[in-house]
Structures are given as structure tokens and as C-alpha cells.
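Participant: My questions will all concern the structure given below.
Every number here is computed from the coordinates shown, using simple stated rules; none is lab data. All figures in this text were calculated on a predicted structure; none of them were measured in a lab. A quick note on method: Cβ atoms are made from the backbone with ideal geometry, for glycine too, and the neighbour counts reach across all protein chains shown.
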Amino acid sequence: MVKINSDYTLLRSSYLFSTIAGKVKEYEQNNPDANIIRLGIGDVTRPLTGTIIDSLHKAVDEMASESTFRGYAPDLGYEFLRSAIARNDYELRGCDISADEIFVSDGAKSDSGNIQEIFSKDCRVAVCDPVYPVYVDTNVMAGRAGTYDEESGKWSNIIYMPCTRETGFLPEIPSETPDIIYLCFPNNPSGSTMTKSRLQEWVDYAVRNKAIIIFDAAYESYIRNEDVPHSIYECEGARECAIELRSFSKNAGFTGVRLGFTVIPKTLSVDGVTLHSLWARRHGTKYNGAPYIVQRAGEAVYSEEGKKEIRGLVDYYMNNATYILNGLKAAGYEVSGGVNAPYIWLKTPKGMSSWEYFDYLLKNASVVGTPGSGFGPSGEGYFRLTAFGDADKTKEAVDRIVNM
Ligand SMILES: Cc1ncc(COP(=O)(O)O)c(C=O)c1O
């Protein structure tokens, strides 16, 4: 008789966003005239820019002609995109990454979820707390997380690295030694960033302990400060211990278009086997590549005009971030993030729990945010606002919060 993968039954229900949706729906029904402003989910709101749209149109037209039609894409992605990535994201930043170490994909969510497949089920995983939930849930699905403890909100086999006000919302080296370390900087949800010297400490630690860092740099384009690295490969030794994940979602607005990539240096090996060869095998076996049309749009992101437009998009969201950050600070809130990241992380006032503040904000300001506790136990007492909204609505939301 068929049996299901029982590890899936261990997953916690997707409590966070479904609960938010349910609460907002109920509020809307009871307050049909309320003008709700959503600063909760991390999805972009600005349309694709002109250069991207032009490249999409052009690639669609190519598909209509026998001489320019394309079928399956090469396993690792088209050379034109991989070399644009290698040149712009790595060579120009002084990182030693070549085009054939880049795997083009449909986004960082799938890559961050799938990458654990190439590691043994016995590996101990360490995550930041709070955390982007995909890292934890995919390890639960793989049977690597152990059992869930309701009281602590933690999985028995996962090493949690609390990122609290006391640690500057950064992880500290854990007392147990992990095999796989997930780091995401600029961070979702807290908006915190690591300096290069701090990240170098993690790289040194990973090399010393033969651990692998999975570095999620989905928010790299929001970095403003000089001392914050855009890539983990800016650190010495990272080619021996790190995999990097990137996305076109938050810089170019591709959340609905879908494009990302994973970097695995060919020098990264475990017990004599290169992780590059394993991921290449996995990619070739389970994935037939991001669409040609979309990869052409990705190439356009790196054109001179594309870069300018993308900077405009990021600046638009960062103006929102600055407005939220300054407005809440002036109103006496304890806030962080929002400087090199599109997320603002605020301490809930008056000792409210994350969910109490969610309800309070919805009722008194008709503003929707995300309770920090939904990202992990150390997120309790915190709240995430995103800068991805419309500028006028964001301003109105902040003004409402300040005047509550
Ligand atoms: C940390 C992090 N990684 C990855 C993703 C997903 O990126 P993509 O749209 O490329 O799948 C997100 C999306 O919110 C994210 O916050």
C-alpha cells in the first residue's frame, strides 16, 4: 500500500500569512469603509521598467520565428545571462566567480528550498531566529528537523541562532557546531546587515569546522553602506565553504516573472565530491531551465539603461523605508533595519505581543504588517513593516501609526 512522506505531516500549518489574511478579511467585513494599507507581505508593487518590458517583447517576437525560436534552455542557463551575472555581480566587485559556476533558476525560493537535497539527512542545520521560514520547512520536509516543541517553538535537530536587540539582530557562533548554516543578509525579516569583517568571521568559522554556509543575498541591491558586502565571495575563503543564492525579485521586480540563480564555486567540495557536480546533476535531472524570454529580461537588468532603471526602483522603495524608519523613530518607536534593506523591524510598544500589536494596528490605523513571532521565537515582541508599498500609501500608513 502506498505511503506518504510522513515528514510532510510534521510541518506546522502555514499559520502566519493565512492567519493574517483571515484577520484582515474579518476586519474588512466589519469595517467595509476602512481604507486598509498593506505593509505586510514582501511583494513588490512597482511595474517592470521600460528596458525589461522591451526585452520581453523582443524575446517573445523571437519565439514566433523559425530562425530565432528557442526550445529547452541549457541546463545551467544561457551563456549571455550567466556571463552578464559573472561580470556585473562578481567581477566588478572583485569576486572570483566564473560564468560556469552560476546556475540560473526560477528564483531564490526554490533554490533555497531545494539546495538541502544535496546534503546528507544527518547534517545539522543552523538558522537565524527569526528566519525566512523556507529554510526550516524544507528541512522538515527532508526529515532533518527532528520533533517540534510547541512550548519553545523550536525543532529538536535545528540549531537556532537568536538574533535579538542584544546581538544587534545578528547571529552569534552557536555552541553546537552545525554542518549547514543558513545566513540571509540583508536580512528578512529584521533588515539587519553584516559588515564584511563580521561575515569573514563566519567564513573562517565554516572553513575551520568544514561547514557549508548557504548565503541568501536576495536583498543585495538594497545595500547602501560601503562596509556591507554584496556577496559572500568578497570574503576570503568563501570559495571553500559558501553557496550563494540571488534573486531578480526584489531588485528588478521579477516576483511574478521568476528568475534567480545559485552560485556554487567549483572549489567547494565535501569528501572529494564537488557540490557543483551534485547541483549540476540535480539541476539537469529535475529542472529544464528558466524560460528564454525571462532570461533575456534578466540580461536587460545588466544593461546600462536597465541598471539605471533598477536603481530607480530600489530608490523608490528605500525612500519608503526611510520615511517609515524616521517617522516611527520620531514617534518614539524602537526601530531597526530600513537602511540597507526594505524591511523595518520595530519593537512592539507597551509590552504588546507581536499578534496583539497586529490587532491593535489593524483596529486603530487600518494598517497591516507582519507579526515578528511568525518568523521564529526570537521574533516575539517585534513587528515587520515592508517598504514595498506605494509611496503615498506608505506615508499615509506611517502618519496613521504615528497619530494613533
Ligand atoms: C530571504 C528570501 N529569500 C528568497 C526569497 C524568494 O525570492 P524569489 O522571489 O526569487 O523566489 C525571499 C522572498 O521574499 C526572501 O525573503
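Participant: With θ set to phi - 60°, apply the Karplus curve 6.51 cos²θ - 1.76 cosθ + 1.60 along the stretch 122-137 and write out the HN-Hα couplings as whole Hz, x wherever there is a Gly or Pro.
Facilitator: 7, 5, 8, 9, 10, 10, 6, 10, x, 9, 5, x, 4, 4, 6, 4
Participant: Cα centroid distance between the stretch 228-255 and the stretch 299-318, in Å?
Facilitator: One Cα centre to the other: 18 Å.
Participant: A further question on this structure: Evaluate the relative contact order of the stretch 53-303 (contact order divided by residue number), counting alpha-carbon pairs under 8 angstrom at least 6 apart; express in whole percent. Intermediate results must be reported in sequence, preceding the final value.
Facilitator: Details: 443 pairs, mean separation 64.8, N = 251.
Relative contact order, the stretch 53-303: 26 percent.
Participant: Could you give the length gained by full extension between residue 41 and residue 57, i.e. 0.36 nm per residue of separation minus their alpha carbon distance, to one decimal place? Spell out each step's value before the answer.
Facilitator: Values: separation 16, 0.36 × 16 = 5.76 nm, distance 2.91 nm.
That pair, residue 41 and residue 57, stretches by 2.8 nm at full extension.
Participant: Counting DSSP beta bridges with both partners in the chain, what percentage is antiparallel, nearest 5?
Facilitator: Once the DSSP bridges in the chain are tallied, antiparallel ones form about 55 percent.
Participant: Separate question: Between residue 288 and residue 360, what length comes free when the chain is fully extended (0.36 nm per residue of separation minus the Cα-Cα distance, one decimal in nm)? Can you show the working numbers first?
Facilitator: Working: separation 72, 0.36 × 72 = 25.92 nm, distance 4.68 nm.
Gain on extension, residue 288 to residue 360, equals 21.2 nm.
Participant: Using alpha-carbon positions, what is the distance between the centroids of the stretch 1-80 and the stretch 118-175, in Å?
Facilitator: Centre-to-centre (Cα) distance: 25 Å.
Participant: What's the longest uninterrupted piece of the chain once you rule out the chymotrypsin sites (Phe, Trp or Tyr not before Pro) that are loop residues per DSSP with at most 10 other Cβ within 10 Å? Before the final figure, lay out each step's value.
Facilitator: Values: sites that count: 69, 72.
So the longest stretch without any such site is 73-404.
Participant: I would also like to ask the following. How would you rank 231, 277, 197, 110, going from fewest to most other Cβ atoms within 10 Å of each one's own Cβ? Don't skip to the answer; put the middle values down first.
Facilitator: Values: 231 21, 277 13, 197 10, 110 17.
In increasing order of surrounding Cβ atoms, one gets 197, 277, 110, 231.
Participant: So if we plug the beta-carbon distance of residue 79 and residue 13 into 1/(1 + (r/R0)^6) with R0 = 41 Å, what FRET efficiency do we get, rounded to 0.05? Walk me through the intermediate numbers first.
Facilitator: On the way: r = 43 Å, r/R0 = 1.05.
Computed FRET efficiency for residue 79 and residue 13: 0.40.
Participant: Too long at a 30 Å Cα-Cα cut-off: which of 58/395; 23/109; 210/307? Let's see the in-between values first.
Facilitator: Numbers: 58/395 37 Å; 23/109 26 Å; 210/307 37 Å.
58/395; 210/307, as the Cα separations exceed 30 Å there.
Participant: Percent of Cα-Cα pairs more than 31 Å apart in the chain, please. Could the numbers behind the result be given before it?
Facilitator: On the way: 32096 of 81406 pairs.
When all Cα pairs of the chain are counted, 39 percent exceed 31 Å.
Participant: Okay, helix-only estimate at 222 nm for the chain: each DSSP H run of n ≥ 4 adds -39500 (n - 2.57), divide by all residues, round to 500 deg cm²/dmol; what do you get? Don't skip to the answer; put the middle values down first.
Facilitator: Details: 13 runs with 147 residues, N = 404.
Result for the chain, helices only: -11000 deg cm²/dmol.
Participant: Would you kindly state how much longer the chain becomes between residue 267 and residue 197 on full extension, computed as 0.36 nm times their sequence separation minus their alpha carbon distance, in nm to one decimal?
Facilitator: Details: separation 70, 0.36 × 70 = 25.20 nm, distance 2.24 nm.
In short, 23.0 nm is gained.
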